[in-house]
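Some notes on the structure that comes next.
What follows is calculated from the coordinates using simple rules that are stated; it is not laboratory data. Please read these numbers as outputs of a predicted model, since none were measured by experiment. Backbone-built Cβ (ideal geometry, glycine too); neighbour counts: all protein chains shown.
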């Protein structure tokens, strides 16, 4: 039985000893210092893990925009500050590093599951269901006495990862705009409350939020130990947030489509998913002055 949402440190240890085909990814990153994640990985990581960098591996090149690239394989799948690469480009990277369709993937970071969720979601989007987030991240692994390594890991032999039907839904800015005010769509914004209210905006040119969006900062999904809260607690919190809004109509967003995913994952842990991702998020939404903005 594959792991498809969370995996504990002890479960990962058992999986490693079982000999089941497995690839572990360290997705540590820092927006203020984009090179920090790689330095942290080289200092210490789960033994055998590969580094998956948000900007180099899990995003389209900076300066590309949906609808403006020439080759179809280089056409980004979203806009925003961290545009999704095409599914074909992502599959090519997976093949290059030796990840095959028969493997279980485990992803983690040391950032409260902020960045590893991106790879979790992208693998689902590529049709690969056997991917789980290491609950509690590197800190939980170290606390459990898991094997740690430093430096680079040996390269795996390239393989041929084959895309399947997307298992998670992606929507564009135009689709979100078209459904504004429709009872079938509920936007959930994962940014901190001051950014949501438009009181501060450290990254994007416009402050505020998508009209009608509800606010749930992504860190609320974790307990004091850095692990996801129990399914029952998450379910109660999301039901309270949504009120009469159906869970099936939830569209998740944040600043650039990365920290929205812990909310999406939490809803699945709670038995309220799968739900939808607006990967372009606020950075794409506010780039067009014709799109409405709400504050407060």
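Counting each DSSP H run of 4 or more residues in the chain as -39500 (n - 2.57), what helix-only mean residue ellipticity at 222 nm follows after dividing by all residues, to the nearest 500 deg cm²/dmol?
Counting only the DSSP helices, I get -7500 deg cm²/dmol.
Which entry in [x] 27.4; [y] 15.0; [z] 29.0 is this structure's computed mean projected area of the Cα convex hull in nm²?
Recomputing mean projected area of the Cα convex hull in nm² here gives the entry labelled [y].
Taking 25 Å as R0, compute the FRET efficiency from the Cβ-Cβ separation of residue 295 and residue 33 and round it to 0.05. Could you put the intermediate results ahead of the total?
Details: r = 30 Å, r/R0 = 1.20.
My answer for the efficiency is 0.25.
Over the Cα atoms of region 6-149, what radius of gyration and what Dmax do you get, in Å?
For region 6-149, the Cα-based Rg and Dmax read 15.3, 49 Å.
What's the ranking of 173-184, 150-161, 115-126 by average number of surrounding C-beta atoms within 10 Å, highest first?
Numbers: 173-184: 13.6, 150-161: 11.8, 115-126: 25.2.
For the peptides 173-184, 150-161, 115-126, the packing ranking is 115-126, 173-184, 150-161.
Rounded, prolate or oblate: which fits region 169-285 when a ≥ b ≥ c are the square roots of the eigenvalues of the alpha-carbon gyration tensor, with rounded for a/c under 1.5 and prolate only if a/b beats b/c? Kindly include the intermediate steps, with their values, before the conclusion.
Numbers: a/c = 1.79, a/b = 1.24, b/c = 1.45.
Cα axes put region 169-285 in the oblate bin.
Relative to the first principal axis of the alpha-carbon coordinates of the chain, what is the inclination of helix 231-242, with its axis defined by its Cα atoms, in degrees from 0 to 90 and to the nearest 10?
20
Can you give the angle from 0 to 90° between the axis of helix 116-125 and the longest principal axis of the chain, with both taken from C-alpha atoms, to the nearest 10?
Relative to the chain, helix 116-125 is tipped by roughly 80 degrees.
May I ask you to derive the relative contact order of region 6-149, considering only C-alpha pairs under 8 Å and at least 6 residues apart, and to give it as an integer percent?
Reported as a whole number, the value is 31 percent.
Label points 7 Å out from Cα along the Cβ direction at residue 248 and residue 149: separation in nm?
Distance between the two pseudo-spin positions: 4.5 nm.
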